[in-house]
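Let me begin by presenting the structure, written as structure tokens, before commenting on it.
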Amino acid sequence: MLRLLLLTLALALAVLIPFAIWGGEIEAALSVERMVERLRAAGPWGVALAVGLLTLDLIAPIPASAVMAALGIVYGPWLGGALSALGATLSGLLGYGLCRAFGQPLAERLAGREGLAAARTLFERSGGWLVATSRWLPVLPETVACLAGLAEMPPRRFLTALLCGAIPMGFAFATAGWMGREAPVATLLIAALTPVVLWAVFGRLVRGVSYKH
């Protein structure tokens, strides 16, 4: 378990270090107001710009909530919410896919075989809940998505849990932007509680998916 904790901290640091170095500058450049200007100036390419930024949130200190709020302001709560959910989903899939395909050797050096075995056990028991409920929190979405890939969480189960978290978060922040409020308490509560309900329902559909050993 100690090795698993070390691996988790290493992944979290990989996310936090770019924030510490460039976070302030990027956050200022991508504030809600400036993001709205950029989206409107980009015209038809605004959709690709916003979804691309949300996808890159995996490796860059992108203020995802500001981008989602701007999407709601420019495109409205429905299209803006759908685009926000798409970007968050792609970011999670990118982290999961890269770590599952290429991260095993490095992870085994950091955590050892016992650490990876502990990660697989954790995600076999509680992976769905971890993925679904982590999406609205800072740092954790990227860390959990990468850990899920390293733990070889079944793709269908991971995607289901990811959508349970990404969809309500995307629509909540886009709607908040459309209503003129960047991140009210109600938005955070909706984004935090809805994934719990969704995974409780849809998690049953993929509960029987087995893990690779």
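Computed values, structure above
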item	result
17 Å cut-off, amide nitrogen to a point 7 angstrom out along residue 10 Cα→Cβ, residues in segment 118-133	118-120
Pairwise centroid distance, computed over Cα atoms, of segment 150-182 with segment 47-125, Å	10 Å
Cut-off 17 Å, label 7 Å out along Cα→Cβ of residue 117, residues of segment 126-152 by amide N	151-152
Angle in degrees between helix 32-42 and the longest Cα principal axis of the chain, rounded to the nearest 10	80 degrees
Nearest-0.05 FRET efficiency for residue 101 and residue 78, computed from C-beta distance (R0 35 Å)	0.55
Degrees between helix 185-202 axis and first principal axis of the chain (Cα, 0 to 90, nearest 10)	40 degrees
MRE, 222 nm, helices only [DSSP H, n ≥ 4, -39500 (n - 2.57), over the chain, to nearest 500]	-28000 deg cm²/dmol
Cα long-axis angle, helix 140-150 against the chain (0 to 90 degrees, to the nearest 10)	40 degrees
Relative contact order, percent, segment 2-206 [alpha-carbon distance under 8 Å, six or more residues apart]	26 percent
Net length gained if the chain between residue 33 and residue 125 were fully extended (0.36 nm per residue, minus Cα distance)	28.9 nm
Stretchable slack from residue 193 to residue 109, in nm (0.36 nm times residue separation minus alpha-carbon distance)	26.6 nm
For segment 113-122, Karplus couplings with θ = phi - 60° (6.51, -1.76, 1.60), whole Hz, Gly/Pro x	5, 5, x, 5, 5, 5, 5, 5, 5, 4
Whole-Hz ³J(HN,Hα) from phi, Karplus 6.51 cos²θ - 1.76 cosθ + 1.60, for segment 54-65, glycine and proline x	5, 5, 6, 4, 4, 10, 10, x, 7, x, 4, 5
Pairwise label distance in nanometres, residue 202 with residue 156, each label 7 Å out on the Cα-Cβ vector	1.4 nm
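Bear in mind that the values in this text are calculations on the coordinates, not laboratory data. It should be emphasised that the depicted structure is a prediction, and the values quoted were computed from it without experimental measurement. Neighbour counts are summed over all protein chains in view; Cβ atoms, including those assigned to glycine, are modelled from backbone coordinates with ideal geometry.
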